[in-house]
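I have placed the structure first, in the form of structure tokens, so that the comments after it can refer back to it.
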Amino acid sequence: MPETILLAHGSGGKLAHRLIEENILSDLSNPMLARMDDSAVMEFSGQLAFTTDSYVVSPIFFPGGDIGKLSVCGTTNDLAMSGARPLYLSLSFIIEEGFPLSDLKRILSSIRDTAREAGVQIVTGDTKVVNRGNADKLYINTAGIGRIKQGTNISGANIVPGDKIILSGSIGDHGIAIMSKREGLHFSTDLQSDCAPLCGMVANMIATGADIHALRDPTRGGVATTLNEMSEQSQVRIVIEEERIPVRDEVLGACEMLGFDPLYVANEGKLVAFVPSRDAQRVLDAMRRHPYGARAQVIGEVEQAETPCVVMKTVLGASRLVDMLVGDLLPRIC
Ligand code: MG
């Protein structure tokens, strides 16, 4: 086997078969994938969630993760935000000719480990190779299917005045970890991406029996953009308190240096939940019992609105309007 990826690895011929059998099937094997038919075949009843995302993060290896882990977390997290338990994923690679095989193997084992943690099976996939210079190392697309338990109805359109807003932990870790690796910034402590599969924590939150109205993972555009989307969707005013929003010192420091507002920096292992006041404490407790929600906080409340908006009460006691992200703060962070 050559040490780097050749155009022939994406040709569907002998080399492509060897690549798939020796590297991909060996790592990700399950009965559905092993059949090697043109599509995965499965039976279903009830409500399903279906989503897709492409991953073009640069660099492909970063503190706290890599493009493979991200491609499983991102898609399974979107399923979880609809209240679905992720079941199946597709996995497609677009690889630049000359990509080191050892890097592909590293990424595959991280996909395997993350899929195992998220409880999903990779049941179909594809590999394409493009000429050197026509892609930047490696791009991944994953699509996912999840099952929604009967009676679950979680949507950004379900938010009502009086709902408490719970944030699962510190913000901006992913964006700043990527940025620091890219720009060679060094922090006194090791800042890591928060990249993580959230479906386990979401399952625990749903299991409390609380009437969870809405969930979302504040990825690109950060918490500020996510909350703006949700205020639009439900036509409400969202009020958050600055002093309740956890931000790591390293993230604050980097943001000050780079001129960023952590509210707009991407997360890959955080969620915001909207729950009725009477259910807030038990949802918060369930989140804090899970490692990915240990620093969960109620950060604000939903109010009636003429015009949907997001308002932040600052540590100095003032109120300011929090707008959606304009432009692209950090390109290729996911
Ligand atoms: Mg999302």
* **region 68-82, subset of a type in the set (Gly, Ala, Ser) and away from the ligand (no atom under 11 Å from the Cβ), residue nearest to the chain's Cα centre (by Cα)** => Ser71
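Yes or no, residue by residue, for (1) in contact (Cβ under 8 Å) with a residue 40 or more places away in the chain; (2) buried (at least 18 other Cβ atoms within 10 Å of the Cβ); (3) touching a Gly at 6+ places or on another chain (Cβ under 8 Å); (4) among the charged types (D, E, K, R):
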| site | (1), (2), (3), (4) |
| --- | --- |
| Ser26 | no, no, no, no |
| Asn30 | yes, no, no, no |
| Gly46 | yes, no, no, no |
| Asp66 | yes, yes, no, yes |
| Asp78 | yes, yes, yes, yes |
| Pro100 | yes, no, no, no |
* Condition check for Val160: within 16 Å of the ligand (Cβ to nearest atom) and either basic (Lys, Arg) or outside the structural domain of Ala84 (by TED's automatic domain parsing) (or both) -> no
* To do: Scan region 84-100 and give yes if some residue there is within 16 Å of the ligand (Cβ to nearest atom) and of a type in the set (A, V, I, L, M, F, W, C), otherwise no.
  => yes
* Which residue out of Lys128, Lys137, Lys181 is outside the structural domain of Leu198 (by TED's automatic domain parsing), basic (Lys, Arg) and closer than 23 Å to Gly65 by Cβ? -> Lys137
* Do the conditions hold for Met230, that is, is it within 15 Å of the ligand (Cβ to nearest atom), in the same structural domain as Glu303 (by TED's automatic domain parsing), part of a helix (DSSP H, G or I) and aliphatic (A, V, I, L, M)? -> yes
* Candidate set: region 273-306, residues that are touching a strand residue (DSSP E or B) at 6+ places or on another chain (Cβ under 8 Å), over 19 Å from Ser170 (Cβ atoms) and not in a helix (DSSP H, G or I); chosen: the one modelled with the lowest pLDDT -> Ala305
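The values are calculated or read from the model by the stated rules, or taken from the named source; none is laboratory data. In this text, all values refer to a predicted model and were calculated from it rather than measured experimentally. Quick reminder, even Gly has a Cβ in these numbers, built from the backbone with ideal geometry, and neighbours come from all protein chains shown.
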